[in-house]
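The values are calculated or read from the model by the stated rules, or taken from the named source; none is laboratory data. Note that this is a predicted model, so its numbers are computed, not measured. Here the Cβ is made from the backbone with ideal geometry for all residues, glycine too, and neighbour counts use every protein chain on show. Areas reflect the complete protein model, heavy atoms only, side chains present, ligands, DNA and RNA absent. Shrake-Rupley method; radii C 1.70, N 1.55, O 1.52, S 1.80 Å.
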Amino acid sequence: MLLLTHPACLKHDNGPGHPECPDRLRAVMQALEAQEFSTLVRASAPEATREQLLRVHPADHVDRILLTRPAEGQRIHLDADTSVNAYSAEAALRAAGAGVEAVDSVMRGEFPRAFCAVRPPGHHAEPDTPMGFCLFANAAIAARHAQAAHGVARVAVLDFDVHHGNGTQAAFWDEPSLMLASSHQMPLYPGTGGASETGRGNILNAPLDPGTDGVWFRRIWEREILPAVEAFAPGLIIISAGFDAHRADPLANLRLVEGDFAWVTGAICDLAGRVCGGRVVSMLEGGYDLPALGRSTAAHVRALMHA
């Protein structure tokens, strides 16, 4: 299995005390240094090209992210929660490029599955708006690349981050060849993700009440989300893998544990085996309790490896 990351993703910094911090990626990579992950093929994430970004974002959004380059030691806020420093543009390009490279590797048959350990995350970045710690819509860019470069007719993004992926939804809203299926706490930031939000029948939102535990989470995925994705019959599955639904996470109120992330990953891979030759690309999204993030990522990658 392929693991994509890049040191530039450690240099993007939202400032002291910000939950989306470089230590998140350090916690992930430390967890993946365990002996059981020694067979992972590790590679550097390339930068996404402008053409790849423009499949999702208009030119003025791309320019805003790439040309906003503060001096060393300074940062510029794009909104109350999202900022950039001198290294953010490269980090954002590498994060988006990781998804593109993962799609290429999986679609060429070099690896059945790939995990992108990158930041900044992407699922809140709308086509024309950076927000929620996110600059580019990494998963949506990867999905569009699968269609443009590999002729994949339908791509599904499955999102189990505790926050709704409004950016992916906005990018897919009028595109029936692209599916978003998401479970997320509601009410919670960003305030979107109601079950009535269905796009052109290609958006499936399964909002979860605060306090939801793994039993109900698994039931929702088993009875609602996975059957709908199977009926959609994608040629590739992309996972927006956020681990902030963990019961230890400080930004939300769900009650999942590592075993729940392992279960949903295995279930997604089983589905991929039935509908798309087992092809799965996973991209890191949220997760803000560092020990829980490390353990949950390890459980997720272990399930991807052994599916």
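Does SER182 count as assigned to a loop (DSSP other than H, G, I, E, B) and either modelled with pLDDT of 95 or more or in contact with a Pro (Cβ under 7 Å, 6 or more places away or on another chain) (or both)? Show your work before the answer.
Values: assigned to a loop (DSSP other than H, G, I, E, B): no; either modelled with pLDDT of 95 or more or in contact with a Pro (Cβ under 7 Å, 6 or more places away or on another chain) (or both): yes.
No, not satisfied.
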Determine which single condition PHE136 fails, assuming it passes every other condition in (1) part of a loop (DSSP other than H, G, I, E, B); (2) hydrophobic (A, V, I, L, M, F, W, C); (3) in contact with a Pro (Cβ under 6 Å, 6 or more places away or on another chain).
(3)
Does ILE220 qualify as being among the aliphatic types (A, V, I, L, M), touching a residue at least 40 places away in the same chain (Cβ under 8 Å) and open to solvent by less than 40 Å² (accessible area, probe 1.4 Å)?
no
So which pairs qualify, if the first residue must be in region 262-276 and open to solvent by less than 10 Å² (accessible area, probe 1.4 Å), the second must be acidic (Asp, Glu), the Cβ gap must be under 8 Å, and the two must be at least 6 apart or on different chains?
LEU271/GLU230
Here the residues within region 211-225 that are in a helix (DSSP H, G or I) and more than 18 Å from the chain's Cα centre (by Cα) are GLY214, VAL215, TRP216, PHE217, ARG218, ARG219, ILE220, GLU222, ARG223, GLU224
Failed item in (1) open to solvent by less than 60 Å² (accessible area, probe 1.4 Å); (2) within 28 Å of VAL280 (Cα to Cα), with GLU110 passing the rest
(1)
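Table: residues versus (1) out of contact with any strand residue (DSSP E or B) (no Cβ under 8 Å at 6 or more places or on another chain); (2) closer than 20 Å to ALA137 by Cβ.
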site	(1), (2)
ILE238	no, yes
GLY242	no, yes
ALA248	yes, no
VAL280	no, yes
ALA303	yes, no
ALA307	no, no
Got at least one residue in region 233-254 being open to solvent by less than 40 Å² (accessible area, probe 1.4 Å) and assigned to a helix (DSSP H, G or I)?
no
Which condition number does ASP23 fail, the rest of (1) within 21 Å of the chain's Cα centre (by Cα); (2) open to solvent by 50 Å² or more (accessible area, probe 1.4 Å); (3) at pLDDT below 95 being met?
(3)
Is there a residue being under 16 Å from VAL118 (Cβ atoms), of a type in the set (Val, Ile, Thr) and open to solvent by less than 10 Å² (accessible area, probe 1.4 Å) anywhere in region 148-156?
no
Which members of region 28-75 meet the condition of being more than 24 Å from LEU290 (Cα to Cα), part of a helix (DSSP H, G or I) and open to solvent by 80 Å² or more (accessible area, probe 1.4 Å)?
ARG50, GLU51, ASP60, ARG64, LEU67
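Please work out if ALA228 is of a type in the set (A, V, I, L, M), in a loop (DSSP other than H, G, I, E, B), surrounded by fewer than 20 Cβ atoms within 10 Å (Cβ to Cβ) and modelled with pLDDT of 95 or more. Show your work before the answer.
Details: of a type in the set (A, V, I, L, M): yes; in a loop (DSSP other than H, G, I, E, B): no; surrounded by fewer than 20 Cβ atoms within 10 Å (Cβ to Cβ): yes; modelled with pLDDT of 95 or more: yes.
Taking the combined requirement at face value, the residue does not satisfy it.
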All but one of (1) in contact with a helix residue (DSSP H, G or I) (Cβ under 7 Å, 6 or more places away or on another chain); (2) assigned to a helix (DSSP H, G or I); (3) without any contact (Cβ under 8 Å) to a residue 60 or more places away in the chain; (4) open to solvent by 40 Å² or more (accessible area, probe 1.4 Å) hold for ARG295; state the number of the condition that does not hold.
(3)
All-but-one check, MET131 against (1) buried (at least 24 other Cβ atoms within 10 Å of the Cβ); (2) within 15 Å of the chain's Cα centre (by Cα), failing number (1)
First in region 39-52 and basic (Lys, Arg), second anywhere and modelled with pLDDT of 95 or more, Cβ under 7 Å, 6 or more apart:
ARG42/LEU3; ARG50/VAL62
Here are some conditions: (1) open to solvent by 10 Å² or more (accessible area, probe 1.4 Å); (2) in a helix (DSSP H, G or I); (3) in contact with a Leu (Cβ under 8 Å, 6 or more places away or on another chain). ALA89 meets all but one. Which one does it not meet?
(1)
